[in-house]
1. With respect to the numbered conditions (1) open to solvent by 70 Å² or more (accessible area, probe 1.4 Å); (2) at pLDDT 90 or above, which one is the sole condition not fulfilled by Arg82?
2. Report yes if some residue within region 63-73 is assigned to a helix (DSSP H, G or I) and surrounded by fewer than 19 Cβ atoms within 10 Å (Cβ to Cβ); otherwise report no.
3. Report the residue count in region 4-36 for those that are farther than 16 Å from Asp46 by Cβ and touching a residue at least 60 places away in the same chain (Cβ under 8 Å).
4. Of everything in region 85-98 that's among the small types (Gly, Ala, Ser) and in contact (Cβ under 8 Å) with a residue 12 or more places away in the chain, which residue is surrounded by the most Cβ atoms within 10 Å (Cβ to Cβ)?
5. When only residues in region 6-50 that are under 11 Å from the mean Cα position of the chain (by Cα) and open to solvent by 40 Å² or more (accessible area, probe 1.4 Å) count, which is farthest from Arg95 (Cα to Cα)?
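The values are calculated or read from the model by the stated rules, or taken from the named source; none is laboratory data. As the structure is a computational prediction, the values presented were derived from the model and not from experiment. Because the Cβ atoms are built from the backbone with ideal geometry, glycine has one as well, and the counts that use them run over all protein chains shown. Heavy atoms of the whole protein, side chains included, go into the accessibility calculation; ligands, DNA and RNA do not. Shrake-Rupley method; radii C 1.70, N 1.55, O 1.52, S 1.80 Å.
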Amino acid sequence: MARIDPAFLVPWVRAELDALGEAAALDAHAARAQEDGLDPDEAELDAASDLAARRGLIAALEGAAAPLWLSEVREARGLAERVERSGPSCVASLRATEGAAHRLAQLVATLVDDPRAAVAELVGLGGTPGCATR
């Protein structure tokens with residue numbers, strides 16, 4: 001299972017649930033975790049982790065990266081999302097928004113198509129749409 005940075009996980013799960021009209025599920029789950037004694041930040045992270053696993057969001061990320069081994073997912077800095085390959089594994093830097101698994105699949109496919117490339121980038125704003133490699 002990939003390591004998923006909490007700075008990515010919580011807002012990403014919230015965005016995915018919001019897109020489904022189920023944003024309240026995360027808050028309700030976090031409230032129950034607080035009742036069990038967790039502080040608010042721990043409760044929100046626990047709730048996001050649990051819901052991501054139960055709803056198949058983690059499986060969707062790992063499935064999107066299936067041709068490579070996804071070792072870590074982080075929040076993207078700046079406008080570009082990227083996947084960096086190191087041998088058979090990869091590290092993904094994604095925006096914590098709805099559709100992250102789909103964008104990850106695009107990035108991984110770009111790396112698979114160019115076995116010599118170490119990095120695939122997807123520029124979010126400005127630039128040419130699509131993936132670039134280096």
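1. (1)
2. The answer is yes, given that some residue of region 63-73 is assigned to a helix (DSSP H, G or I) and surrounded by fewer than 19 Cβ atoms within 10 Å (Cβ to Cβ).
3. Selection size over region 4-36: 4.
4. Among them, the one singled out is Ala92.
5. Pro6
Conditions (1) out of contact with any Asp or Glu (no Cβ under 9 Å at 6 or more places or on another chain); (2) among the small types (Gly, Ala, Ser); (3) closer than 26 Å to Arg82 by Cβ, marked per residue:
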{"residue": "Arg3", "(1), (2), (3)": "no, no, yes"}
{"residue": "Ala7", "(1), (2), (3)": "no, yes, yes"}
{"residue": "Pro11", "(1), (2), (3)": "no, no, yes"}
{"residue": "Asp18", "(1), (2), (3)": "no, no, yes"}
{"residue": "Asp27", "(1), (2), (3)": "no, no, no"}
{"residue": "Leu38", "(1), (2), (3)": "no, no, no"}
{"residue": "Asp50", "(1), (2), (3)": "yes, no, no"}
{"residue": "Ala53", "(1), (2), (3)": "yes, yes, yes"}
{"residue": "Leu61", "(1), (2), (3)": "yes, no, yes"}
